[in-house]
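Here the structure comes first, spelled out in structure tokens, and everything after it is commentary.
The values are calculated or read from the model by the stated rules, or taken from the named source; none is laboratory data. Only a predicted model underlies this, so the values are computations on that prediction, with no experimental measurement involved. Note that we place each Cβ from the backbone using ideal geometry, even for glycine, and neighbour counts take in every protein chain shown.
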């Protein structure tokens, strides 16, 4: 009976150490993974002609290919009116949110809270300016 308890305790310890090991390993893996990183080596040493000027042509071609892909996905000629409606509706929404923030601004001695609200209003204004630029771009297409 005493031997069964001993093996049970050893088994529990082994399983718990294995679980702890796996948890630590997962956290260590998460710390080393960099999202969006596609290459882990520096190619400038292995290929001296791959400088900025040496790859400009292929870089421009890759940008053009991505642009064509986006043009094919968006089909601006077909969905122009829908895109314009989205931009106009977002602009209206941001305008109403800005108005609500202005009206809910509390005139108190808490300057940090007021500055946060003003920063939000400024961010919305910047977003509205971006929407205007997007509409201008859409009109050129």
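What about residue 129, is it under 30 Å from residue 76 (Cβ atoms) and loosely packed, with under 14 Cβ neighbours inside 10 Å? Steps first, please.
On the way: under 30 Å from residue 76 (Cβ atoms): yes; loosely packed, with under 14 Cβ neighbours inside 10 Å: yes.
Against the criterion (under 30 Å from residue 76 (Cβ atoms) and loosely packed, with under 14 Cβ neighbours inside 10 Å), residue 129 qualifies.
State the number of residues belonging to segment 108-122 that are in a helix (DSSP H, G or I) and either surrounded by 10 or more Cβ atoms within 10 Å (Cβ to Cβ) or in contact with a helix residue (DSSP H, G or I) (Cβ under 8 Å, 6 or more places away or on another chain) (or both). Talk me through it step by step, then tell me what you get.
Residues of segment 108-122 in a helix (DSSP H, G or I): 111-122.
With the extra rule that they be either surrounded by 10 or more Cβ atoms within 10 Å (Cβ to Cβ) or in contact with a helix residue (DSSP H, G or I) (Cβ under 8 Å, 6 or more places away or on another chain) (or both), the set shrinks to 113-122.
Result for segment 108-122: 10.
Looking at segment 88-102, I want the residues that are assigned by TED's automatic domain parsing to the domain that holds residue 134 and have a partner that is surrounded by 14 or more Cβ atoms within 10 Å (Cβ to Cβ) and not in a helix (DSSP H, G or I) with Cβ atoms under 9 Å, at least 6 apart or on another chain. Which pairs are those?
Sorted first by the residue in segment 88-102, then by its partner, the list stays empty.
Quick one: which of 101, 90, 105 is modelled with pLDDT of 95 or more and surrounded by 11 or more Cβ atoms within 10 Å (Cβ to Cβ)? Steps first, answer last, please.
Details: 101 fails: modelled with pLDDT of 95 or more; 105 fails: modelled with pLDDT of 95 or more.
The conditions single out 90.
Has segment 71-83 got any residue that is surrounded by fewer than 10 Cβ atoms within 10 Å (Cβ to Cβ), within 24 Å of the chain's Cα centre (by Cα) and either in a helix (DSSP H, G or I) or modelled with pLDDT under 90 (or both)?
Yes - at least one qualifying residue is present in segment 71-83.
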